[in-house]
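Structure first, commentary second.
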Amino acid sequence: MVDLGMKSMSRTHRIVLRVSGGRVLGTAFGMPAVELHTVGRRSGLARSTMLTAPVVEDGRVVLVASKGGDDRHPDWYRNLVARPEVELTLEGVRRPYSARPATAEEKAGLWPRVVAAYPGYGGYQGKTGRDIPLVICSPR
């Protein structure tokens, strides 16, 4: 049920962004809204989901694979681990990126900034037994 709710929310957010030309819901909780485009690891089909980017700098975009503190990784995360060539739509522009999980050292440096951008991420980490991955997306 949680997965269905998250997919419905993502779909609605994407539609509102497209219809408004990015003027409505371009940010969420003070962070830029990002549409992540992946290829399904098993199906091979194009997939997309709406996320927030707590850190955007020097062309890099950092994503958080929190799934609201669920004990499972989000599907989009498993897709990009299998196929790291992704695309991001940010501020209405779709561009190619290479995505990879942050190393433990990178995460240690980024995590305080992620939680400062949205304290809910800290709550999600406290809710789950898994280590919530950060994903670093770099332009291709």
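Counted as qualifying within the range 25-97 are the strands (runs of 3 or more DSSP E) with 2 or more residues that are among the polar types (S, T, N, Q) and out of contact with any Pro (no Cβ under 6 Å at 6 or more places or on another chain), namely 46-52.
Do you know which residues across the range 86-103 are at pLDDT 95 or above, farther than 23 Å from residue 131 by Cα and either open to solvent by 50 Å² or more (accessible area, probe 1.4 Å) or aliphatic (A, V, I, L, M) (or both)? Within the range 86-103, 87, 88, 94, 95, 96 meet the criteria.
Any residue in the range 33-46 that is under 13 Å from the mean Cα position of the chain (by Cα) and open to solvent by 30 Å² or more (accessible area, probe 1.4 Å)?
We begin by selecting, within the range 33-46, every residue under 13 Å from the mean Cα position of the chain (by Cα); these are 33-38.
Filter again for open to solvent by 30 Å² or more (accessible area, probe 1.4 Å), leaving none.
Taking every residue of the range 33-46 in turn, none turns out to be under 13 Å from the mean Cα position of the chain (by Cα) and open to solvent by 30 Å² or more (accessible area, probe 1.4 Å).
Among the residues of the range 111-127, is any of a type outside the set (D, E, K, R), assigned to a strand (DSSP E or B) and open to solvent by less than 40 Å² (accessible area, probe 1.4 Å)? Explain how you work it out, then say what you get.
Going residue by residue through the range 111-127, those that are of a type outside the set (D, E, K, R) are 111-112, 114-126.
Then drop every residue that is not assigned to a strand (DSSP E or B), which leaves none.
Scanning the range 111-127, I find no residue that is of a type outside the set (D, E, K, R), assigned to a strand (DSSP E or B) and open to solvent by less than 40 Å² (accessible area, probe 1.4 Å), so the answer is no.
The values are calculated or read from the model by the stated rules, or taken from the named source; none is laboratory data. Model, not experiment: these values are computed from the prediction. Glycine gets a Cβ as well: all are built from the backbone with ideal geometry, and neighbour counts include every protein chain shown. Calculation scope for accessible area: heavy atoms of the full protein, side chains included, ligands and nucleic acids excluded. Shrake-Rupley method; radii C 1.70, N 1.55, O 1.52, S 1.80 Å.
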